[in-house]
Structure formats: structure tokens, C-alpha cells
Amino acid sequence: AKTLATNAQGKADQLDDDMNNIGGYNYVGFSSGDDILPRLMIKNLGYYLVTNGVQDFADNMVSIKQKTAGTWFGYDVGTTDHSKFSSLADFRMKEVKEGQWITASSNLQVFGTGSVNMKIYLYNDGWKESSSKNIKATDGVTRVVVQQKVASDTTGILVRFQANDSTVTEFRFGNVQVEVGIRATPWKKSDIDISEDINNTAQKVQDDLE
């Protein structure tokens, strides 16, 4: 009977996790990193930050190169300025509740020696970071997944790519995704990406007609 109860509880927990995985909606604007910088949308404005790096694009990904030898450099998808938001609703996450998971995933490639990590930060009266696997050049292009559980006072989200060592010369990332749920789903375009595709197609049709 105890085994049956344990199995039943396990299935109930799995069902709860499935219910909490809202469906893999991607909250990152211009998320592919192909010729435009990914950003988190807050009150319909996109936020990102390059720190001590030189931005470029390579192999359909964002390239961030070390600006000054021996300095830390990185890229934020979002903003650390908590005055820009007051709740998860500002990130279009008004249905997200305490106990649900926010999952971020991205392709990541490192050049030089040393490592780069990707972390998700949640703002609960201060930024709290997730754990992260360090990625090295020898790992090639790696899909990185990081997660944090939403607390009752969570009001903000930030994803950060950060070089851990001054010997890293460049890192590249692309197909960035932030979603609600305990499991990372395959990358998909956000509604902003899709709108951009539609606008570009409409513009091309107009240009062809002229």
C-alpha cells in the first residue's frame, strides 16, 4: 500500500509539473540572435546590455568579443534596473504563480581558454542567481538550460551570459528562450519574431510590386 501511495504521489507531482509547463511560449524578443540582439520585453520595450564587450554576429548567432584584455565581459537579456518593472505582469507573465519554474535555454559557444556560463536571475527584493554549468571551447556549440522557481515576491527576470576568465576571447549565443515550466522545450520563435517575419514578408511583397 505504501508503494502504491508513493507511486500515486509521484504521478500526481508529474501531472502538476506538466500543468505548470504552460506550453513553451518564448518570452525573448528577437530570440534567434541572427543579425539582431535578443532582449526581454518589459512593458512592450526591449532590454539588453553588453558589458565590456564588442557585439557582432557570426554563424547565425550573436558574437560578444572581449573589449579590453583581462577584463570581465558579458551580455544581459533584460535589465538589472528594477525600477523598470513592479511585477511579472510587466514581463507578460501575469498568470505565473508562486512555485512555478522559469526556464531559460540557449545555444552557447566559447572561444579561447577558460569558460562562460549562463544564469537566470529572479528579482525578489534583490537579484538571486541560478546555478550554471561552465562551458568551454572544447564543448563546441552546447545547449545550456538554467532554471529557478518563482517565489511569492518574485517581480523580475534576467538572463546573463558571463565570461568567467580573462582568457576567454569571445563567446557566441543564439536561439535564446525563456519559458514558464520545469522542462526546457525546443526553441521556437516568440510572437515578436513572428510579427517581424510577417512585416518583412509584407515589405518584400510591396517591394516586388513596385
Item to check | In order through the stretch 138-148: 3J(HN,Hα) via Karplus (6.51 cos²θ - 1.76 cosθ + 1.60), integer Hz, x for Gly, Pro | outcome: 5, 7, x, 6, 10, 8, 9, 10, 9, 9, 8
Checklist entry - ³J(HN,Hα) across the stretch 117-133 via Karplus (A = 6.51, B = -1.76, C = 1.60, θ = phi - 60°), whole Hz, x for Gly/Pro? => result 10, 10, 9, 10, 10, 10, 9, 10, 6, x, 7, 10, 9, 8, 7, 7, 7
Item to check | Distant-in-sequence amide H partners of Gly156 (H built 1.01 Å from N, under 5 Å) | outcome: Tyr123
Checklist entry - Taking 0.36 nm per intervening residue step and subtracting the Cα-Cα distance, what contour gain separates Ala58 from Lys43 on full extension? => result 2.4 nm
Checklist entry - Under 5 Å between amide H atoms, partner at least 5 residues away or on a different chain: which partners does Val28 have, H built in plane at 1.01 Å? => result Val178
Checklist outcome for this item: Residue-ordered couplings for the stretch 66-75, obtained by feeding phi - 60° into the Karplus form 6.51 cos²θ - 1.76 cosθ + 1.60 and rounding to whole Hz (Gly and Pro as x), are 4, 7, 10, 3, x, 10, 5, 8, x, 9
Checklist entry - Which entries in the list Lys43/Lys189; Lys43/Lys67; Lys94/Lys128; Lys65/Lys149; Lys149/Lys189 go over 29 Å, if you measure between the two C-alpha atoms of each? => result Lys43/Lys67; Lys65/Lys149
Checklist entry - Quick one: if the Förster radius is 25 Å, what FRET efficiency do Arg183 and Ser87 give, using the C-beta to C-beta distance and rounding to 0.05? => result 0.50
Checklist entry - Whose amide H sits under 5 Å from the amide H of Phe73, counting only residues 5 or more places off or on another chain, with H placed in the peptide plane? => result Ala163
Checklist entry - Within the accessible area of the stretch 16-133, what % is carbon and sulfur when the probe is 1.4 Å and the other protein chains stay in place? => result 47 percent
Next on the checklist: For the stretch 35-55 and the stretch 119-150, what is the centre-to-centre distance using only Cα atoms, to the nearest Å?
Outcome noted: 17 Å
Checklist entry - Rounded, prolate or oblate: which fits the stretch 106-192, taking a ≥ b ≥ c as square roots of the Cα gyration tensor eigenvalues, rounded meaning a/c under 1.5, else prolate when a/b beats b/c? => result oblate
Next on the checklist: With every protein chain kept in place and ligands, DNA and RNA left out, what is the accessible area per residue of the stretch 76-133? Probe 1.4 Å, answer in Å².
Outcome noted: 43 Å²
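The values are calculated or read from the model by the stated rules, or taken from the named source; none is laboratory data. Not measured: the values here are computed from a predicted model. Virtual Cβ from ideal backbone geometry, glycine too; neighbours counted across all protein chains shown. For accessibility, only protein heavy atoms count, side chains too; no ligands or nucleic acids. Shrake-Rupley method; radii C 1.70, N 1.55, O 1.52, S 1.80 Å.
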